[in-house]
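Where a number appears in this text, it was derived from the coordinates with a stated rule and is not lab data. The structure presented is a predicted model; accordingly, all values stated were derived computationally and were not measured. Backbone-built Cβ (ideal geometry, glycine too); neighbour counts: all protein chains shown.
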Amino acid sequence: FEPGKLILGGGVMATPGLIDRVGEKAVKLGGGYFRSDASTMISAPGLGDNAGLMGAFALAQSAAPE
């Protein structure tokens with residue numbers, strides 16, 4: 001099962017160029033396993049710095065009684 005996308009976030013991943021380096025390393029270590037290009041497979045969260053906060057809010061909403 002090949003992952004279609006890996007989303008990496010958090011403070012450390014905000015380091016300039018780190019996601020690109022992780023992508024390059026994943027392709028190298030994968031030895032041809034990943035069919036996708038690392039630039040499309042590994043990315044930052046679409047919500048940016050709000051990803052954790054919005055995820056926690058979504059969990060709280062789903063746990064709230066109706």
*Restricting region 22-66 to residues that are surrounded by 12 or more Cβ atoms within 10 Å (Cβ to Cβ) and of a type in the set (D, E, K, R), the residue that is farthest from residue 1 (Cα to Cα)*: 49
_Residue within region 28-40 that is of a type in the set (Phe, Trp, Tyr) and not in a helix (DSSP H, G or I) present_ = yes
